[in-house]
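Trainee: Structure in structure tokens, see below.
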Amino acid sequence: MKISAYEQVKIARSNERPTSLQYINELFDGFIPLAGDRKYGEDKAIEGGIAFFDNIPCTVIGLEKGSDTSDRISRNFGSAHPEGYRKSLRLMKQAEKFRRPVICFVDTAGAFCGIAAEERGQGQAIAENLMEMMTLKTPVLSILIGEGGSGGALALAIADEVWMIENSVYSVISPEGCASILWKDPLKVELAAESLGLTAHDLIGFGIIDKIIPLDFTVLKNEIAGFLTGSSELDANDIVSRRYARYRKF
Amino acid sequence: MLNKDSFKNPELWLEKHNKNKLVGERPETLPSIPEELWRSCPACRKPSLADAVTDLLEVCPQCGHHFNLSARKRIDITADEGSFIELFTVVGERDVLKFPGYKDKLESAKAASGEEESVICGKCTIGGYETVLCVMEPAFMMGSMGRVTGERITMAFEMAVSSELPVVVFCASGGARMQEGMFSLMQMAKTSGAVKFHSLAGLFYLSVITNPTTGGVTASFAMEGDVIIAEPGALIGFAGPRVIEQTIRQKLPEGFQSAEFVLSKGFLDAVVQRKRLKTFITSMLKAHS
């Protein structure tokens with residue numbers, strides 16, 4: 001049976017799906033979380049640090065929705081403030097300095113919309129990530145594991161390759177937002193989800209993502225091993241020019 | 001008006017011309033200056049002579065409110081006379097998703113703005129300094145960024161790299177254009193890459209943010225300038241004020257997300273009045289020439 005686009009959105013948002021921290025702990029060994037943006041604060045909506053993939057040190061960063069209610073609240077349900085994006089950029093620059101590959105896990109309804117987020121420059125924080133990630137001289141892989149909500153997801157998804165776990169979604173706006181803004185009709189979410197082309201199958205057809213991976217840690221682990229081997233042979237300047245070419249074509 | 005006919009049937013004439021006075025009602029048309037000579041300000045609501053507004057480059061003479069400008073008008077008051085050459089007029093397929101109603105929206109946007117897309121790019125001199133100039137058109141689907149918008153801006157930055165020129169961008173945008181789905185989100189990535197390579201080449205980029213600029217444009221090239229300035233009162237934000245109010249379920253304070261507010265938070269270099277903009281831009285181009 002074919003699942004409708006909006007059904008996929010609901011699956012992608014489900015609390016039953018593994019979150020970034022679960023991916024990090026299943027795929028890597030010895031995760032060491034590193035906190036803070038060194039400018040303002042620590043944002044628990046983004047987890048990041050160093051972990052080992054078959055003894056290779058990697059920088060891992062993930063938008064984290066949390067595991068139970070109090071954890072979810074402390075992580076603002078995975079909607080980051082500017083300090084979260086600035087922390088992720090700090091960790092990526094650190095990865096570049098020590099030539100560690102960066103692996104990002106994306107799962108967010110979107111960057112947080114609120115007074116504090118605006119005061120501290122949400123737009124500027126995301127913009128800086130996009131610009132700096134484009135020329136980061138180290139391999140970057142981004143994996144959408146659940147919800148990929150607009151600019152807040154893109155800020156961790158400027159990568160050499162972008163993959164989606166089956167039944168995750170990636171969209172410029174939520175179907176609810178689209179239905180209410182365009183048609184002033186919240187009941188049109190189904191049509192909005194269908195029209196936005198937000199499923200993994202739509203996006204691989206457009207070349208916006210490179211791979212769809214089943215929700216299976218063993219399969220994903222093999223794929224990551226392949227990515228790391230492949231990129232270890234590339235010169236840093238080649239990595240950067242290929243990354244720009246990947247986005248230039250849109 | 002009194003004329004020959006007035007005397008043929010004075011009662012009828014009187015009734016027609018004095019009725020309003022007699023019954024104390026407001027006449028339908030006042031013997032006043034024609035409508036098109038007045039402009040009323042959306043901010044202070046006071047009327048001003050249209051010529052006075054035009055003389056101030058579309059600024060209210062009474063309260064200083066900056067009216068939104070069309071891209072063409074903006075180019076007229078920014079580029080040295082006759083120097084602007086429009087480039088990158090490319091228009092590719094936009095409705096890749098066959099999004100419901102998008103084709104019609106594009107047609108009405110073209111009719112409303114007289115433009116083919118939400119940005120006009122080209123080359124010109126400003127105060128004698130050669131520069132690449134991109135100006136967004138707020139009347140074209142609220143200046144939203146689709147793939148043609150992103151492509152034009154990217155080409156402009158790429159040409160600036162190959163010609164070793166500075167870039168000035170006037171931003172005005174509601175953000176990514178949702179009718180193009182993820183293709184519009186990718187424009188944020190693409191334009192940011194183009195800005196970054198321009199920056200790595202040691203070239204100067206001035207971003208001028210005008211009313212209103214939100215969403216995907218704020219979260220990409222608008223906030224990526226070496227110098228970022230804005231016009232007084234311009235709304236600048238990531239999330240729009242309505243979305244924030246709905247999310248946090250409270251009213252936003254007066255002046256929240258205004259250019260002056262964003263300046264006070266440290267995200268702008270200056271708020272510059274429209275009449276001083278050309279001088280400011282010229283000085284910046286001179287400093288980086």
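The values are calculated or read from the model by the stated rules, or taken from the named source; none is laboratory data. Worth saying up front: this structure is predicted, and the values here are computed from it rather than measured. Heads up, the Cβs are rebuilt from the backbone with ideal geometry, glycines too, and the neighbour counts pull from every protein chain shown.
Trainee: Conditions: (1) facing another protein chain (nearest Cβ under 9 Å); (2) outside any loop (DSSP other than H, G, I, E, B); (3) over 30 Å from B:Gly101 (Cβ atoms). A:Ile145 meets all but one. Number of the miss?
Mentor: All conditions are met except number (1).
Trainee: Tell me, which residue of the stretch B:118-162 that is of a type in the set (S, T, N, Q) and free of Cβ contacts under 8 Å to residues at least 40 places away in the same chain is surrounded by the fewest Cβ atoms within 10 Å (Cβ to Cβ)? Before you say what the answer is, go through the steps one by one.
Mentor: Step one: filter the stretch B:118-162 for residues of a type in the set (S, T, N, Q), giving B:118, B:125, B:131, B:144, B:149, B:154, B:162.
If we keep only those that are free of Cβ contacts under 8 Å to residues at least 40 places away in the same chain as well, we get B:149, B:162.
Details: B:Thr149: 29, B:Ser162: 8.
Once the filter is applied, the top-ranked residue is B:Ser162.
Trainee: Next question. Sort out which residues of the stretch B:201-221 are in contact with a helix residue (DSSP H, G or I) (Cβ under 9 Å, 6 or more places away or on another chain) and not in a strand (DSSP E or B), and write them in order of number.
Mentor: Listed by number, the residues that qualify are B:Ala201, B:Leu203, B:Phe204, B:Thr214, B:Gly215, B:Gly216, B:Val217, B:Thr218, B:Ala219, B:Ser220, B:Phe221.
Trainee: Shifting gears a bit: Can you give me the number of residues within the stretch B:58-89 that are part of a loop (DSSP other than H, G, I, E, B) and either within 30 Å of B:Met159 (Cα to Cα) or hydroxyl-bearing (Ser, Thr, Tyr) (or both)? Working first, answer last.
Mentor: Here is the first cut: in the stretch B:58-89, the residues part of a loop (DSSP other than H, G, I, E, B) are B:58, B:60-65, B:67-70, B:79-84, B:88-89.
Right, trim to either within 30 Å of B:Met159 (Cα to Cα) or hydroxyl-bearing (Ser, Thr, Tyr) (or both) and you get B:68-70, B:79-84, B:88-89.
Residues meeting the conditions: 11.
Trainee: Across the stretch A:216-246, what is the number of residues that are buried (at least 17 other Cβ atoms within 10 Å of the Cβ) and farther than 22 Å from A:Ile145 by Cβ?
Mentor: Number satisfying all stated conditions: 3.
Trainee: When only residues in the stretch A:168-204 that are crowded, with 24+ Cβ neighbours inside 10 Å and hydroxyl-bearing (Ser, Thr, Tyr) count, which is farthest from the other protein chains (Cβ to nearest Cβ)?
Mentor: A:Ser168
Trainee: While we're looking at this one, here's another question. Taking only the stretch B:36-71 into account, find how many residues are charged (D, E, K, R) and in contact (Cβ under 8 Å) with a residue 60 or more places away in the chain. Break it down into steps so the answer makes sense when it comes.
Mentor: Filtering the stretch B:36-71 for residues charged (D, E, K, R) gives B:36, B:39, B:45-46, B:51, B:55, B:58.
Those still in the list that are in contact (Cβ under 8 Å) with a residue 60 or more places away in the chain too: B:58.
The number of residues fulfilling the criteria is 1.
Trainee: Next up: I'd like the full set of residues that are in a loop (DSSP other than H, G, I, E, B), over 21 Å from B:Leu133 (Cβ atoms), more than 9 Å from every other protein chain (Cβ to nearest Cβ) and under 18 Å from the mean Cα position of the chain (by Cα), limited to the stretch B:222-254. Walk me through it before giving the result.
Mentor: In the first step, residues of the stretch B:222-254 are kept if they are in a loop (DSSP other than H, G, I, E, B); the result is B:224-226, B:231-234, B:237-240, B:249-254.
Narrowing the set further to residues that are over 21 Å from B:Leu133 (Cβ atoms) leaves B:232-233, B:237-240, B:249-254.
The next check asks that each one be more than 9 Å from every other protein chain (Cβ to nearest Cβ); those that pass are B:232-233, B:249, B:251, B:254.
Selection gives B:Pro232, B:Gly233.
Trainee: Now a separate question. Among the listed residues A:Gly146, A:Gly110, A:Gly177, A:Gly114, identify the single one that is over 26 Å from A:Gly226 (Cβ atoms) and at pLDDT 95 or above.
Mentor: Details: A:Gly146 fails: over 26 Å from A:Gly226 (Cβ atoms); A:Gly177 fails: at pLDDT 95 or above; A:Gly114 fails: at pLDDT 95 or above.
Step by step, each of A:Gly146, A:Gly110, A:Gly177, A:Gly114 is checked, and only A:Gly110 is over 26 Å from A:Gly226 (Cβ atoms) and at pLDDT 95 or above.
Trainee: Restricting attention to the stretch B:255-288, report how many residues are in a loop (DSSP other than H, G, I, E, B), within 14 Å of another protein chain (Cβ to nearest Cβ) and surrounded by fewer than 19 Cβ atoms within 10 Å (Cβ to Cβ).
Mentor: Let us first name the residues in the stretch B:255-288 that are in a loop (DSSP other than H, G, I, E, B), namely B:255-257, B:265-269, B:272-273, B:288.
Keeping just the survivors that are within 14 Å of another protein chain (Cβ to nearest Cβ) gives B:255-257, B:265-269.
Cutting the leftovers down to surrounded by fewer than 19 Cβ atoms within 10 Å (Cβ to Cβ) gives us B:255-256, B:265-266, B:269.
The number of residues fulfilling the criteria is 5.
Trainee: So, in the stretch A:56-86, exactly how many residues are in contact (Cβ under 8 Å) with a residue 24 or more places away in the chain and part of a loop (DSSP other than H, G, I, E, B)? If you could, list the steps in order and put the result at the bottom.
Mentor: First, pick out the residues of the stretch A:56-86 that are in contact (Cβ under 8 Å) with a residue 24 or more places away in the chain: A:56-67, A:74-86.
Next, only the ones that are part of a loop (DSSP other than H, G, I, E, B) stay: A:64-67, A:75, A:79-81.
The number of residues fulfilling the criteria is 8.
Trainee: Could you run through the stretch A:111-123 and say how many residues are of a type outside the set (Asp, Glu) and either surrounded by fewer than 24 Cβ atoms within 10 Å (Cβ to Cβ) or more than 13 Å from A:Ala155 (Cα to Cα) (or both)? Steps first, please.
Mentor: First, the residues of the stretch A:111-123 that are of a type outside the set (Asp, Glu): A:111-117, A:120-123.
Filter again for either surrounded by fewer than 24 Cβ atoms within 10 Å (Cβ to Cβ) or more than 13 Å from A:Ala155 (Cα to Cα) (or both), leaving A:113-117, A:120-121.
The qualifying residues number 7.
Trainee: Now a separate question. Collect the residues in the stretch B:136-179 that are over 28 Å from B:Ser283 (Cα atoms), in a loop (DSSP other than H, G, I, E, B) and out of contact with any Lys or Arg (no Cβ under 6 Å at 6 or more places or on another chain), keeping them in residue-number order.
Mentor: Once the filter is applied, which keeps residues that are over 28 Å from B:Ser283 (Cα atoms), in a loop (DSSP other than H, G, I, E, B) and out of contact with any Lys or Arg (no Cβ under 6 Å at 6 or more places or on another chain), the stretch B:136-179 yields B:Ala139, B:Phe140, B:Gly174, B:Gly175, B:Arg177.
Trainee: Of all residues in the stretch B:32-48, which are more than 21 Å from B:Gly64 (Cβ to Cβ) and either exposed (fewer than 11 other Cβ atoms within 10 Å of the Cβ) or at pLDDT 90 or above (or both)?
Mentor: Result: B:Ser32, B:Pro34, B:Glu35, B:Glu36.
Trainee: Additional query: State the number of residues belonging to the stretch A:155-176 that are in contact with a Ser or Thr (Cβ under 9 Å, 6 or more places away or on another chain) and not in a strand (DSSP E or B).
Mentor: First pass over the stretch A:155-176, keeping only residues in contact with a Ser or Thr (Cβ under 9 Å, 6 or more places away or on another chain): A:155-164, A:167-175.
Next, from what is left, pick out any that are not in a strand (DSSP E or B): A:155-160, A:167-168, A:172-175.
Looking only at that region, the number is 12.
Trainee: I'd like the residue in the stretch A:112-132 that is in a loop (DSSP other than H, G, I, E, B) and facing another protein chain (nearest Cβ under 7 Å) and, out of all such residues, is farthest from B:Ala239 (Cα to Cα).
Mentor: Within the stretch A:112-132, the subset in a loop (DSSP other than H, G, I, E, B) is A:112-114, A:120-121.
Checking which are facing another protein chain (nearest Cβ under 7 Å) leaves us with A:113-114, A:121.
Working: A:Cys113: 6, A:Gly114: 8, A:Gly121: 11 Å.
Filtering first and then ranking leaves A:Gly121.
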